[in-house]
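Visitor: The structure is given below, and queries will be raised subsequently.
The values are calculated or read from the model by the stated rules, or taken from the named source; none is laboratory data. No experiment lies behind these values; they were computed from the predicted model shown. Quick reminder, even Gly has a Cβ in these numbers, built from the backbone with ideal geometry, and neighbours come from all protein chains shown.
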Amino acid sequence: MNKSDQDIITEYLSGNEIAFNELIQRYMTSVYTFTYGLTHSVQDAEDITQDTFVKAWKNIKKYDKKYTFKTWVLTIARNTTYDFFRKKKNIPFSAFDNTDGDNVLTAQLADEQPLALEISVLAEDKDILDTAIEQLPPVYKEVISLRYGQDLTFEEMSVVVKRPLNTVKSQVRRGLIALKEVLRAPK
């Protein structure tokens with residue numbers, strides 16, 4: 001029988017030192033995939049993933065049960081990735097926080113066709129989709145990765161990225177519109 005994350009945490013806090021390894025095994029791929037999507041570097045993603053789990057281990061007593069462990073650890077991964085970028089100064093951080101710099105008209109246009117279906121038809125090959133996602137601004141890359149790569153709800157995403165729920169919903173919608181434009185662009 002699979003134990004819940006909360007059961008594993010309780011077991012660890014009660015003295016079972018190896019219980020935390022179960023959480024690492026359960027969420028290693030999710031954290032790595034998320035950080036790789038932001039860094040596009042195997043080495044950086046591996047380092048950030050390792051740092052994320054060290055931070056989670058050190059702060060497990062501060063874990064708030066009202067959030068899922070996955071949401072909590074992905075929040076740590078996001079913050080650790082941002083710390084990494086700040087140290088490297090590879091990207092301007094204003095790009096992550098820019099919610100008003102988009103074309104208001106484009107964001108407000110109604111799309112008659114379901115975006116997810118259209119995207120999957122246009123991007124038959126995962127490599128094409130990954131390449132298209134890499135071309136998105138960092139704020140859209142992040143929310144698209146959380147929504148469709150990590151299967152987080154909008155509420156969970158709001159917690160991870162520390163933005164209001166409606167902002168996250170808007171950013172996902174704008175990210176999908178931008179992704180569709182990238183996929184439609186002539187090659």
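Visitor: Write out, first by first residue and then by second, each pair whose Cβ atoms fall under 9 Å of each other, whose residues are 6+ apart or on separate chains, and whose first residue, in segment 50-67, is surrounded by 11 or more Cβ atoms within 10 Å (Cβ to Cβ) while the second is in a loop (DSSP other than H, G, I, E, B).
Guide: Ala56/Tyr63
Visitor: Take the residues of segment 1-21 that are of a type in the set (A, V, I, L, M) and part of a helix (DSSP H, G or I): which is surrounded by the fewest Cβ atoms within 10 Å (Cβ to Cβ)?
Guide: The extreme case among them is Leu13.
Visitor: Does segment 163-179 hold any residues that are touching a helix residue (DSSP H, G or I) at 6+ places or on another chain (Cβ under 8 Å) and more than 12 Å from Tyr140 (Cα to Cα), and which are they?
Guide: Arg163, Pro164, Leu165
Visitor: Same structure, new question: From the list Asp111, Asp130, Asp151, Asp102, pick out the single residue that is under 16 Å from the mean Cα position of the chain (by Cα), in a loop (DSSP other than H, G, I, E, B), modelled with pLDDT under 90 and not assigned by TED's automatic domain parsing to the domain that holds Gln25.
Guide: Result: Asp151 is the single residue among Asp111, Asp130, Asp151, Asp102 that is under 16 Å from the mean Cα position of the chain (by Cα), in a loop (DSSP other than H, G, I, E, B), modelled with pLDDT under 90 and not assigned by TED's automatic domain parsing to the domain that holds Gln25.
Visitor: Within segment 40-49, can you find the residues that are crowded, with 16+ Cβ neighbours inside 10 Å and either of a type in the set (D, E, K, R) or in contact (Cβ under 8 Å) with a residue 24 or more places away in the chain (or both)?
Guide: Scanning segment 40-49 gives Asp44, Ile48, Thr49.
Visitor: A further question on this structure: Does Val121 satisfy the criteria of being part of a helix (DSSP H, G or I), of a type in the set (A, V, I, L, M, F, W, C), out of contact with any Lys or Arg (no Cβ under 8 Å at 6 or more places or on another chain) and at pLDDT 50 or above?
Guide: Considered against the rule, which asks whether it is part of a helix (DSSP H, G or I), of a type in the set (A, V, I, L, M, F, W, C), out of contact with any Lys or Arg (no Cβ under 8 Å at 6 or more places or on another chain) and at pLDDT 50 or above, Val121 comes out as no.
Visitor: Does Arg173 meet the test of being of a type in the set (Lys, Arg) and assigned to a helix (DSSP H, G or I)?
Guide: Yes: the conditions hold for Arg173.
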